[in-house]
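What follows is one structure encoded as structure tokens, with my remarks underneath.
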Amino acid sequence: MEMIQIDLSALRCPQLLLQAKKTLRMYPDAAMVVFYLSGSAELRDLLRLALAQGWCVSHEHEQALSRWRVQLNRRPSDSQGVVS
């Protein structure tokens with residue numbers, strides 16, 4: 001499994017969401033996907049998308065770069081084949 005990092009900070013909704021969906025489809029086996037965003041509206045929409053698709057999500061604001069870092073991880077049951 002691989003880690004993917006994508007900078008979407010130049011995009012706004014709905015283009016950002018389209019690119020995020022495309023990225024998640026392109027890398028279905030990725031263990032971790034990290035997106036970088038610039039706006040809080042984009043953050044909100046990406047969080048909704050990721051949670052709806054079953055990702056574990058964490059995010060932080062990188063003050064020095066004025067952007068959001070959103071990390072998506074596969075749920076343990078997805079990567080280990082365990083059903084709870």
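Bear in mind that the values in this text are calculations on the coordinates, not laboratory data. As the structure is a prediction and not an experimental result, all values here were calculated from the model. Virtual Cβ from ideal backbone geometry, glycine too; neighbours counted across all protein chains shown.
Before moving on, here are some points about what is shown:
- 18 Å reach of a label modelled at residue 12, 7 Å along Cα-to-Cβ, counting backbone N of region 23-59: 37-46
- Inverting the pair-averaged 1/r between distinct Cα atoms of the chain gives 13.0 Å as its Kirkwood hydrodynamic radius.
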